[in-house]
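Only one structure is covered here, and it is reproduced in the block below.
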Amino acid sequence: MQTFHDTRSLLVRAGTAVLATAFLSASAFAQVPRTPAPENASVYFIEPADGAMITGPVRVIMGLRNIGVAPAGVDLANTGHHHILVNVSELPSMDAPLPATDHFRHFGGGQTEATLELPAGTHTLQLLVGDHNHIPHDPPIISERITITVSP
C-alpha cells in the first residue's frame with residue numbers, strides 16, 4: 001500500500017528531474033557556439049520604408065547581402081533566416097535562441113516576405129538574422145530600426 005510519504009517522495013523526485021532537465025537544456029544552449037557571420041553580411045528592409053504610412057496589413061519584404069537564406073534546422077554555411085522584431089526597444093540576449101512572441105516574429109521557413117497584422121498606431125520594426133538554432137550570428141546581423149505608422 002502506497003503511503004503519503006511514498007507519494008511525496010515520488011513527486012519530489014519527479015520535480016527534481018523536471019528542473020534538472022530544464023537546467024540542462026538551458027545550459028546546453030548556453031554552450032552552443034554562435035555561428036560566425038559571413039564577412040560584410042547585412043540585412044535590410046526592402047519594404048516598408050522608414051517613415052511609411054500604411055493602411056491595412058503591413059507587407060514586409062526582407063533583403064540580405066553576403067548571406068543566403070536557409071530554413072531553421074538546416075545547418076548550411078553562410079546562411080540564416082529572418083526574425084522581425086516588432087516594437088522591441090531592448091535587444092534580447094545574442095547567446096540564446098530568440099524568443100517566439102508577438103514582439104519576435106520567426107520566419108524559420110526561410111521566408112523573405114511576410115504580412116504583419118498590426119494595430120493602428122506607430123510601430124518600430126527591426127530585422128535580425130538567426131542561424132539554424134534561432135541564435136543570432138556572431139557578430140549579429142541586424143538591420144537599422146525603422147518606424148512605420150499603421151492607420152485604421
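Among residues of the stretch 70-97 that are more than 21 Å from GLU39 (Cα to Cα) and touching a residue at least 40 places away in the same chain (Cβ under 8 Å), those with a beta-carbon under 9 Å from a residue that is charged (D, E, K, R) and in a strand (DSSP E or B) at least six positions away or on a different chain give the pairs ILE84/ARG105; LEU85/ARG105. Taking the conditions exactly as written (farther than 14 Å from GLN111 by Cα and either surrounded by 12 or more Cβ atoms within 10 Å (Cβ to Cβ) or over 16 Å from the mean Cα position of the chain (by Cα) (or both)), does ALA72 satisfy them or not? No; evaluated as a whole, the condition is false for this residue. Taken over the stretch 112-152, the criterion of being polar (S, T, N, Q) and touching a strand residue (DSSP E or B) at 6+ places or on another chain (Cβ under 7 Å) is satisfied by THR112, THR115, THR122, THR124, GLN126, SER143, THR147, THR149, SER151. In the condition set (1) under 14 Å from VAL150 (Cβ atoms); (2) free of Cβ contacts under 8 Å to residues at least 40 places away in the same chain, GLY108 is compliant with all but (1).
Among the residues examined, ARG59 does not qualify as within 20 Å of VAL150 (Cα to Cα), buried (at least 17 other Cβ atoms within 10 Å of the Cβ) and of a type in the set (D, E, K, R). Among the residues making up the stretch 106-135, those that are more than 13 Å from MET62 (Cα to Cα) and either charged (D, E, K, R) or surrounded by fewer than 15 Cβ atoms within 10 Å (Cβ to Cβ) (or both) are GLY109, GLU117, PRO119, ALA120, GLY121, THR122, THR124, ASP131. Residue count for the stretch 98-152, restricted to those that are more than 18 Å from GLY73 (Cβ to Cβ) and in a strand (DSSP E or B): 19.
Would you tally the residues in the stretch 110-133 being over 20 Å from TYR44 (Cβ atoms) and out of contact with any Phe, Trp or Tyr (no Cβ under 8 Å at 6 or more places or on another chain)? The total comes to 6.
Table: residues versus (1) part of a loop (DSSP other than H, G, I, E, B); (2) at pLDDT 95 or above.
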residue	(1), (2)
LEU11	no, no
LEU19	no, no
PHE23	no, no
ALA26	no, no
VAL43	no, yes
ASP50	yes, yes
MET62	no, yes
HIS83	no, yes
VAL88	yes, yes
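The values are calculated or read from the model by the stated rules, or taken from the named source; none is laboratory data. Bear in mind that the values here come from a model prediction, so they are computed numbers and not experimental data. Methodologically, a virtual Cβ is constructed for each residue, glycine included, from the backbone with ideal geometry; neighbour enumeration extends over all protein chains shown.
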